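Okay, structure first, notes after.
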Amino acid sequence: MSACFSKKLVLILILLSFFTLSAEKKFRVVIDPGHGGKNPGAVSGNLLEKNLTLAMALKIRAFFRKHPVQNVEIFFTRTDDVSMSIKERVEFIEEIKPDLFISLHFNSQKVLATNSGFEIYYPPDLIAKELKTTALFYDRTNISFYYGSLFRELYFKANLQTTWKLQMNMFAQKYNFGLFDNTTVPGLLLEIAYISSPEDRACIENPGFTADVAWYIYDAIIKISDKNN
Ligand SMILES: [Zn+2]
């Protein structure tokens, strides 16, 4: 084999492995249903936040199983009614280092029952010093903001506002949220509705609501992963 030919062969092999690697690079997402086990989260009558977030996560999983997506890999911090500390969730996320994690919650306002609607939060710029270098590497605040704005845009297209009269209430940075403060990768916190609001509760208690919101989240993940390619 001539030196020139073997050089060419090596180059072809390098290029091939590069293209194979990039073709296999999946958009990794961690879904984190808030609370669980001994921690019910917000409570209103017989509605427990931990059950609502789990039901939403399982519905999202069902959609990914029924309609698999080639370039998306999805993980769940919990798929049962188990207790899980913030530290354990952080460790789970940092172990996987996903392209995006989505923490699912339902909001509650103890004083005012008038707060209602869907809220999207992204991480603040300021995080613990020791995490900062890694977080800067991921440019996580900007990326989270970008993904959050796509979620927001798709929210209106998903007709949740018209079908469920569930207003988009907020798109903002969230301070003092353990998952944001101790992770380094892009993340979003979705406060799906207020269980303290009678209007929102009427939506939540409707059997079609979970599937509609889960489908919106499933669809948003696919569209975000497409833009990321
Ligand atoms: Zn919560």
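The values are calculated or read from the model by the stated rules, or taken from the named source; none is laboratory data. Bear in mind the structure is a predicted one, so any value in this text is a computation, not a measurement. Don't worry about glycine lacking a Cβ; one is built from the backbone with ideal geometry, like all the others, and counts go over all protein chains shown. SASA here: full protein model, heavy atoms, side chains in, ligands and nucleic acids out. Shrake-Rupley method; radii C 1.70, N 1.55, O 1.52, S 1.80 Å.
How many of the residues in the range 160-203 are open to solvent by less than 10 Å² (accessible area, probe 1.4 Å), more than 30 Å from Lys97 (Cα to Cα) and small (Gly, Ala, Ser)?
Residues in the range 160-203 being open to solvent by less than 10 Å² (accessible area, probe 1.4 Å), more than 30 Å from Lys97 (Cα to Cα) and small (Gly, Ala, Ser): 1 in total.
Confirm whether Arg78 is in contact (Cβ under 8 Å) with a residue 12 or more places away in the chain, assigned to a loop (DSSP other than H, G, I, E, B) and either of a type outside the set (A, V, I, L, M) or open to solvent by 70 Å² or more (accessible area, probe 1.4 Å) (or both). First the steps, then the outcome.
Working: in contact (Cβ under 8 Å) with a residue 12 or more places away in the chain: yes; assigned to a loop (DSSP other than H, G, I, E, B): yes; either of a type outside the set (A, V, I, L, M) or open to solvent by 70 Å² or more (accessible area, probe 1.4 Å) (or both): yes.
Answer is yes for this residue.
What are the residues in the range 148-185 that are among the aromatic types (Phe, Trp, Tyr) and in contact with a Lys or Arg (Cβ under 9 Å, 6 or more places away or on another chain), if any?
Taking the range 148-185 first, the residues among the aromatic types (Phe, Trp, Tyr) are 151, 155-156, 164, 171, 175, 177, 180.
The answer is Phe171, Phe180.
Which numbered condition trips up Lys8, out of (1) at pLDDT 95 or above; (2) away from the ligand (no atom under 16 Å from the Cβ)?
That leaves (1) as the condition not met.
I need a count of the residues in the range 180-222 that are assigned to a helix (DSSP H, G or I), within 14 Å of the chain's Cα centre (by Cα) and modelled with pLDDT under 95.
The first filter runs over the range 180-222 and keeps only residues assigned to a helix (DSSP H, G or I), leaving 180-181, 198-204, 207-222.
Restricting the remaining residues to those that are within 14 Å of the chain's Cα centre (by Cα) gives 180, 213-222.
Now drop any that are not modelled with pLDDT under 95, which leaves 180.
Adding up the residues that qualify gives 1.
Within the set of pairs 6 or more residues apart or between chains, which connect a residue that is in contact (Cβ under 8 Å) with a residue 12 or more places away in the chain inside the range 96-123 to a residue that is away from the ligand (no atom under 16 Å from the Cβ) and among the aromatic types (Phe, Trp, Tyr) with Cβ atoms less than 7 Å apart?
Listed pairs, sorted by first residue: Ile96/Phe75; Pro98/Phe75; Asp99/Phe27; Leu100/Tyr147; Phe118/Tyr155; Ile120/Phe151; Ile120/Phe171; Tyr122/Phe145.
Is it the case that Ser83 is among the small types (Gly, Ala, Ser) and either away from the ligand (no atom under 16 Å from the Cβ) or exposed (fewer than 14 other Cβ atoms within 10 Å of the Cβ) (or both)? Working first, answer last.
Numbers: among the small types (Gly, Ala, Ser): yes; either away from the ligand (no atom under 16 Å from the Cβ) or exposed (fewer than 14 other Cβ atoms within 10 Å of the Cβ) (or both): yes.
For Ser83, the condition - among the small types (Gly, Ala, Ser) and either away from the ligand (no atom under 16 Å from the Cβ) or exposed (fewer than 14 other Cβ atoms within 10 Å of the Cβ) (or both) - is met.
Among what's in the range 59-75 and is of a type outside the set (Gly, Ala, Ser), more than 21 Å from Asp181 (Cα to Cα) and open to solvent by less than 60 Å² (accessible area, probe 1.4 Å), pick the residue that is farthest from the ligand (Cβ to nearest atom).
Among residues in the range 59-75 that are of a type outside the set (Gly, Ala, Ser), more than 21 Å from Asp181 (Cα to Cα) and open to solvent by less than 60 Å² (accessible area, probe 1.4 Å), the one farthest from the ligand (Cβ to nearest atom) is Asn71.
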